[in-house]
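Written below as structure tokens is the structure these notes are about.
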Amino acid sequence: MTMTQMNVRIDDKLKDDVDTVLREQGVSPSDVIRSLWRYIADRRQVPRLETTTEEQARKQRRMRRLTMIDASSGLIQEELLRAGVIDEDTNLLAGQTRQDIRVDVYDQKLDDYLNMTRSV
């Protein structure tokens, strides 16, 4: 089998960051590229890759949800305080609620899926 050498231009910092990760995992850049090329050849498609813009949008959606949870808990806390159900030292977000857990699990599953499609 003949081999071809490829030259790729990439940002120095990105290369250094990725080289560090690959070295920690015992994988060479050539291994990653060969694996990606094999994936594309076998499946006849490019794996779904999250762009920086998509990642930022996902993080912004998560922050909006957390802000809404925080704002909602503040309103609920005020009403519970007014009704005498809790005292001023009670922090409704001190422990995780079912909603917090659901959001965390959803985000983790999404991250797992995105990482799974990238790490072929």
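The values are calculated or read from the model by the stated rules, or taken from the named source; none is laboratory data. Since the structure is predicted, the reported quantities are computational estimates derived from the model, not experimental observations. Keep in mind that these areas ignore ligands, DNA and RNA; they rest on the heavy atoms of the full protein, side chains included. Shrake-Rupley method; radii C 1.70, N 1.55, O 1.52, S 1.80 Å.
Points worth noting:
- Hz values of 3J(HN,Hα) by residue in region 3-12 - Karplus curve (6.51, -1.76, 1.60), Gly and Pro given as x: 10, 10, 9, 10, 10, 10, 9, 8, 4, 4
- Computed with a 1.4 Å probe on the full set of protein chains, the accessible area for Thr53 sits at about 100 Å².
- Accessible surface comparison of Arg65, Arg58, Arg38, probe 1.4 Å, protein chains only, largest first: the order is Arg38, Arg65, Arg58.
- Taking amide H positions as modeled 1.01 Å from N, with prolines and chain starts lacking one, the residues under 5 Å from Ile86 and 5 or more places away or on another chain are Leu81.
- Per-residue SASA entry for Glu88, accessible area with 1.4 Å probe, Å² rounded to 10: 150 Å²
- Each residue of region 57-64 is assigned a 3J(HN,Hα), and the resulting list reads 5, 4, 5, 5, 4, 5, 5, 4 Hz, derived from the Karplus form 6.51 cos²θ - 1.76 cosθ + 1.60 (θ = phi - 60°), x at Gly and Pro.
- Thr51 accessible area, assembled protein chains, probe 1.4 Å, Å²: 70 Å²
- Accessible area per residue for region 50-89, computed on protein heavy atoms with a 1.4 Å probe, is 82 Å².
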